[in-house]
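In what follows, a single structure is set out as structure tokens and then discussed.
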Amino acid sequence: MDYVRYIRSLVGNHKIIMNAAACIIVNEENQILLQHRGDDHFWGLPGGIMEMDESLEETCIREVKEETGFDVNLLYLLGDFHNKNKTWPGGDQAHIICHIFVGEITGGTRTIDGLETLDLQYFSYDNLPPIDAIDHLQAIHQHYGTK
């Protein structure tokens, strides 16, 4: 049983604190890789919830691989960003503390599974799609040096 299923079996939909990690990956045209997520149907950074016994770096690398098919090298931690009122379509609530890294693709093959990931695309900063996760949006703004 994964951590999220385990914790939810104990607390149901009640609001909990969850640690997550995500990655900003930028291509040679300075466009950012975004994932159209299957859980909430919004766009966001590749990333997800930390499992038991993982480091933040391991979480980020695993989640990027699961959601994109890409292997990444993490260059540095951009920072910790909060989404204090996340509610998923099924009613689960959380205060997400997302540790966002900047990384680069080192291998793998672009993979869209149709469940967790509905699409993967690069976007210019001036043409971002709807991003619901305030923590991801704050990190993107910080990365590009704007507010």
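Derivation of every value follows stated rules applied to the coordinates shown; laboratory data play no part. Fair warning: this is a prediction, and the values are worked out from it, not measured in the lab. With ideal geometry, Cβ positions are generated from the backbone for all residues, glycine too; neighbour counts draw on all protein chains shown.
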- prompt: What angle, in degrees between 0 and 90 and rounded to the nearest 10, separates the Cα long axis of helix 134-143 from the longest principal axis of the Cα atoms of the chain?
  reply: 30
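For the stretch 79-147, what's the relative contact order in percent, using C-alpha pairs closer than 8 Å and at least 6 residues apart? Can you show the working numbers first?
Values: 54 pairs, mean separation 21.9, N = 69.
Relative contact order for the stretch 79-147 comes out at 32 percent.
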message: Using a Förster radius of 30 Å, what is the FRET efficiency between His36 and Leu10 based on their Cβ-Cβ separation? Nearest 0.05, please.
response: 0.45
query: Antiparallel as a % of all DSSP beta bridges within the chain, to the nearest 5?
result: 70
task: Please work out, to two decimal places, the log10 of the ratio I(q)/I(0) at q = 0.20 Å⁻¹ from a Debye calculation in which every Cα of the stretch 24-147 carries one identical scatterer.
output: -1.26
message: Once you place label points 7 Å from the Cα toward the Cβ at Ser124 and Thr109, how far apart are they in nm?
response: 3.2
